[in-house]
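My questions all concern the structure below.
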Amino acid sequence: RAPQRMLYAPIRTIEALDSLTVRFTLTEPYAPFLRYLDVGIVPKHLVESGHNLSVSPVGSGPYVLARWDKGSRIELVANAAHWNGEPNVPRIDIVLIPDNTARAQAFEAGDLDLIQSPLAPQDVVRLSDDDRFVQQIRLGNAITYLNFNTMVPLLSDPQLRIALAKLVDRETIVNRIYENIDTEATSIFPPTSWAYSEEVQQPEFDPDGAGMILVALGWRDSNGDGVLDKSGQRLSLRLGTHSEDVNRVQTVELLQNSFAAHGVETRVEISDWASFAVRRDAGDFDIILLGWTQLVDPDRVTFEQLHSSGGLNWGGYRNPRLDLLLSRGRSVQQQEDRAVAYREAAGIIAGEVPYYVLSHQGYQVFHSPRIIGFLPDPRGMLRSLTRASLSDNR
């Protein structure tokens, strides 16, 4: 049940040839494989003996688990036997604060030395103006997007999805709600990706154009109640997200207003993450707002999500041509050939809108000036702390 298990499905065998050499044998050509190997190593004998690594983890890293208060705190101490030497920072206390703003407030109060995205845009702006802290900014490898459930009869028509996309004001969402800490998306891949093509463009905000498509599809306000209908069916949809991210809630509310103003009856569904995830996994939604992180390869945001066999294809999208392109993108070995496949794939995604990408997320880190030599990693990993030091050695 490991959440990233599908990334390693093509591995057939793993052999230790000697103390410094490992041979991976795959079931098929798998181009992004090396990008997904950035994971830890655990002892085989403990796994085979039934040791519960999720409760009592044992690994090969630079730190050792000293204490774990579930849902509250994790304490790590430097591993004196680490192959690359003992880290300079002797202890790391990881404090679990689920609320983004509460985490920023704890940092401002001096209770924390380092925080990183996700952070509320309002907190990012405020902390950026505080000269007590070091701020480091990187382009993230994450997206915020709308997932359309194509198994819902209304949303099975790409033209209706395009019309709804034309009612999404990305500029207001990015500039006003997210206060410019993210960048507007034009396609599923960011401009920094080798798979990006400026020729691929999602539908732009165009309410008049949306109205024309809806009329062409036969939707009319025949009852004069402000809601479009066709053959006795009202154009009514559910729009959801989770309650832990206030900016996503605000975005959903903005979209509700935009949809309703153009005849689309929209019911907002906001719930805690656990309830939201259950409905998402079951396909119990019409349109949901969420995000993807750790997008280190174009495959990471396309195959499992939009291939017809993908385990994360919650919207049930099916397109035989896209299936072929995504399979080719992960099987051919030359990056140039992969780029050709992914650019065509991005064009299909932009044209049929199973996903509508709102933004490419920024990555923000704030830390105390006493942390010296820390280099941020947009994946959110803190591994460079092993090479950092503390000015007061605490």
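Scanning region 301-324 for residues that are surrounded by fewer than 21 Cβ atoms within 10 Å (Cβ to Cβ) and aliphatic (A, V, I, L, M), which turns out nearest to PHE285 (Cα to Cα)?
Residue satisfying both the conditions and the ranking: LEU312.
From the list ARG238, ARG161, ARG248, ARG176, exactly one residue is outside any helix (DSSP H, G or I), of a type in the set (Lys, Arg) and either closer than 30 Å to ALA120 by Cα or open to solvent by 50 Å² or more (accessible area, probe 1.4 Å) (or both). Which is it?
Criteria check complete, one pass: ARG238.
Quick one: which residue in GLU15, GLU48, GLU75 is out of contact with any strand residue (DSSP E or B) (no Cβ under 8 Å at 6 or more places or on another chain) and not aliphatic (A, V, I, L, M)?
GLU48
In region 208-234, what residues are in a helix (DSSP H, G or I) and either in contact with a helix residue (DSSP H, G or I) (Cβ under 6 Å, 6 or more places away or on another chain) or surrounded by 11 or more Cβ atoms within 10 Å (Cβ to Cβ) (or both)?
Scanning region 208-234 gives GLY209, ALA210, GLY211, MET212, ILE213, LEU214, VAL215.
Picking from SER389, SER359, SER384, SER331, which residue would you name as being under 24 Å from GLY110 (Cβ atoms) and in contact (Cβ under 8 Å) with a residue 60 or more places away in the chain?
Within the list SER389, SER359, SER384, SER331, the selection yields SER389.
Please work out which residue is modelled with the highest pLDDT, limiting yourself to region 111-121 and to residues that are within 21 Å of TRP273 (Cβ to Cβ) and open to solvent by 20 Å² or more (accessible area, probe 1.4 Å).
Among them, the one singled out is GLN116.
Which of the residues that make up region 7-26 are part of a loop (DSSP other than H, G, I, E, B), surrounded by 11 or more Cβ atoms within 10 Å (Cβ to Cβ) and out of contact with any Phe, Trp or Tyr (no Cβ under 7 Å at 6 or more places or on another chain)?
ALA9, the sole residue that qualifies.
So, VAL332, is that one open to solvent by 40 Å² or more (accessible area, probe 1.4 Å), out of contact with any strand residue (DSSP E or B) (no Cβ under 9 Å at 6 or more places or on another chain) and of a type outside the set (Ser, Thr, Tyr) or not?
no
Would you call PRO378 closer than 22 Å to TRP194 by Cβ and touching a Lys or Arg at 6+ places or on another chain (Cβ under 8 Å)?
Considered against the rule, which asks whether it is closer than 22 Å to TRP194 by Cβ and touching a Lys or Arg at 6+ places or on another chain (Cβ under 8 Å), PRO378 comes out as yes.
With within 30 Å of SER236 (Cα to Cα) and among the basic types (Lys, Arg) as the only criterion, which of ARG343, ARG321, ARG279 stands out?
On inspection, the qualifying residue turns out to be ARG279.
Table: residues versus (1) over 19 Å from LEU155 (Cα atoms); (2) part of a strand (DSSP E or B); (3) modelled with pLDDT of 95 or more.
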| residue | (1), (2), (3) |
| --- | --- |
| GLU244 | yes, no, no |
| ALA260 | no, no, yes |
| GLU269 | no, yes, yes |
| ASP284 | no, no, yes |
| GLN305 | no, no, yes |
| ASP323 | yes, no, yes |
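A further question follows. May I ask you to say which residue of PRO378, PRO369 is under 30 Å from PRO190 (Cα atoms), in contact (Cβ under 8 Å) with a residue 12 or more places away in the chain and in a loop (DSSP other than H, G, I, E, B)?
Answer to the selection: PRO378.
Could you figure out which of (1) part of a helix (DSSP H, G or I); (2) open to solvent by 30 Å² or more (accessible area, probe 1.4 Å); (3) not acidic (Asp, Glu) isn't true of ILE181?
The one condition ILE181 does not meet is (1).
Name the single residue that is nearest to the chain's Cα centre (by Cα) among those in region 251-280 being among the hydroxyl-bearing types (Ser, Thr, Tyr) and surrounded by 16 or more Cβ atoms within 10 Å (Cβ to Cβ).
THR251
The values are calculated or read from the model by the stated rules, or taken from the named source; none is laboratory data. Keep in mind that what you see is a predicted model, and the values were worked out from it rather than measured. Please note: Cβ atoms are built from the backbone with ideal geometry, for glycine as well, and neighbour counts cover all protein chains shown. Keep in mind that these areas ignore ligands, DNA and RNA; they rest on the heavy atoms of the full protein, side chains included. Shrake-Rupley method; radii C 1.70, N 1.55, O 1.52, S 1.80 Å.
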